[in-house]
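First the structure, in the form of structure tokens, and then the observations on it.
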Amino acid sequence: MAWFERRQRGLNPQKRKEIPKGLWVKCDKCDAMLYKAELERDFNVCTQCGFHFKIGHQAYISLIMDTDTFEETDTDLRTVDPLEFKEKENYPDYMKRYQKRTGMREAVVSGTGRIDGRLVSLSIHDGSFLAGSMGSVVGEKVTRSIRRSLDLEIPLLVVATSGGARMQEGILSLMQMAKTSLWLNRLSEEKIPFVVVITNPTMAGVMASYASLGDFTLAEPGAMMGFAGGRVIEQTIGSSLPEGFQTAEFFLTKGFVDQVVPRTRLREKLVTILGFFPDREKKEAQAKEAP
């Protein structure tokens, strides 16, 4: 009646306030409505169910590395079009579109930085660029990160997320599996630690090479990993798969993953792991300063 009387007196009803778009995010797992600012503060982890939203390389750098210590390297590498691949558009145009969309040159960012003062060599996949897929440049960047670890005698860290090898580069993509594995064997011979952090999803050629060769294999909760998808495997073997097959938690029970670590504790866990090993870089610096 109050609304009716307002209309009778010629008064407009109060306008409903509109909520600006982009302030709330719906959890993909539990459907909870999360305030975006609080979600970002919590490292993009749902406070209701612990679901880990996908984040990019910049977010991982901010989460893991000491402030302002990361220095990017290998920014001059560019991919080629060896097969002159064309589907709806040719491969170079396809790449340019993703470069413009993401502001990245490739699906991996590599460099060096410090974790609790400890210098490490680092490669981070970014799923927003062609699903973090591995082509010749991605493989070369990871290889250079490994070689940098050897040259400086510092630990190697890879944060992996990938749909696998990039079909647009054919056999050149698959060759990166052998190349990175070879250099990791040399890293192992020098007893330099290699830590892998598997995020959702990490599949196919990346999972079948350097992502499965870590001295320490950590995984985010719920991360999917494996070589082929579940449907393909079921069709191949002709039987159903176990519940939760290909999740980080399943791989943990089989001993393939060392620990499932929530993103909120990832830096703390990396600091602990690195603390198991002597800091060669620090000792060399002290030796140079000595008379």
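The values are calculated or read from the model by the stated rules, or taken from the named source; none is laboratory data. All of these numbers come straight from a predicted model, not from anything done at the bench. Quick reminder, even Gly has a Cβ in these numbers, built from the backbone with ideal geometry, and neighbours come from all protein chains shown. Ligands, DNA and RNA are excluded from the accessible area calculation, which covers all protein heavy atoms including side chains. Shrake-Rupley method; radii C 1.70, N 1.55, O 1.52, S 1.80 Å.
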### Query
Which pairs do you get when a residue that is among the small types (Gly, Ala, Ser), found in the stretch 248-269, comes within reach of a residue that is surrounded by fewer than 18 Cβ atoms within 10 Å (Cβ to Cβ), reach meaning Cβ atoms under 6 angstrom, with the pair 6+ apart or on two chains?
248/260
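Looking at the stretch 107-118 only, could you name the residues that are more than 15 Å from residue 75 (Cα to Cα) and open to solvent by less than 30 Å² (accessible area, probe 1.4 Å)?
Of the residues in the stretch 107-118, the ones more than 15 Å from residue 75 (Cα to Cα) are 113-118.
Of everything in the stretch 107-118, those that are more than 15 Å from residue 75 (Cα to Cα) and open to solvent by less than 30 Å² (accessible area, probe 1.4 Å) turn out to be 113, 115, 118.
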### Query
For residue 245, which of the numbered conditions (1) at pLDDT 85 or above; (2) open to solvent by 40 Å² or more (accessible area, probe 1.4 Å); (3) not small (Gly, Ala, Ser) fails to hold?
(1)
### Message
For a quick check of your reading of the model, give me the residue pairs whose first member lies in the stretch 152-165 and is of a type in the set (D, E, K, R) and part of a loop (DSSP other than H, G, I, E, B), whose second is modelled with pLDDT under 90 and open to solvent by 20 Å² or more (accessible area, probe 1.4 Å), with beta-carbon atoms closer than 8 Å and at least 6 apart or on different chains.
### Response
153/280; 153/281; 153/284
### Task
Output the number of the condition that residue 77 fails; it satisfies all remaining conditions of (1) without any contact (Cβ under 8 Å) to a residue 60 or more places away in the chain; (2) in a loop (DSSP other than H, G, I, E, B); (3) hydrophobic (A, V, I, L, M, F, W, C).
(1)
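Per-residue answers, yes or no, for (1) open to solvent by less than 40 Å² (accessible area, probe 1.4 Å); (2) within 19 Å of residue 159 (Cα to Cα); (3) modelled with pLDDT under 85:
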residue	(1), (2), (3)
47	no, no, yes
62	no, yes, no
86	no, no, yes
93	no, no, yes
105	no, yes, no
132	yes, yes, yes
### Task
Kindly list the number of the only condition in (1) over 15 Å from the mean Cα position of the chain (by Cα); (2) of a type in the set (Val, Ile, Thr); (3) crowded, with 24+ Cβ neighbours inside 10 Å that fails for residue 143.
(3)
#### Entry: Criterion (modelled with pLDDT of 85 or more and not in a helix (DSSP H, G or I)) met by exactly one of 180, 199
199
### Task
Go over the candidates 123, 128, 188 one by one and state the one that is open to solvent by less than 40 Å² (accessible area, probe 1.4 Å) and of a type in the set (Gly, Ala, Ser).
123
### Task
Can you give me the number of residues within the stretch 62-80 that are within 24 Å of residue 166 (Cβ to Cβ) and in contact with a strand residue (DSSP E or B) (Cβ under 7 Å, 6 or more places away or on another chain)?
3
### Task
Those residues that are surrounded by fewer than 20 Cβ atoms within 10 Å (Cβ to Cβ) and within 13 Å of residue 159 (Cβ to Cβ), I need them from the stretch 201-215; list them, please.
none
### Message
Please go through (1) open to solvent by 50 Å² or more (accessible area, probe 1.4 Å); (2) at pLDDT below 70; (3) assigned to a loop (DSSP other than H, G, I, E, B) for residue 288 and return the number of the only condition it doesn't satisfy.
### Response
(3)
### Query
Would you say residue 149 is within 24 Å of residue 84 (Cβ to Cβ), in contact (Cβ under 8 Å) with a residue 12 or more places away in the chain and in contact with a helix residue (DSSP H, G or I) (Cβ under 7 Å, 6 or more places away or on another chain)?
no
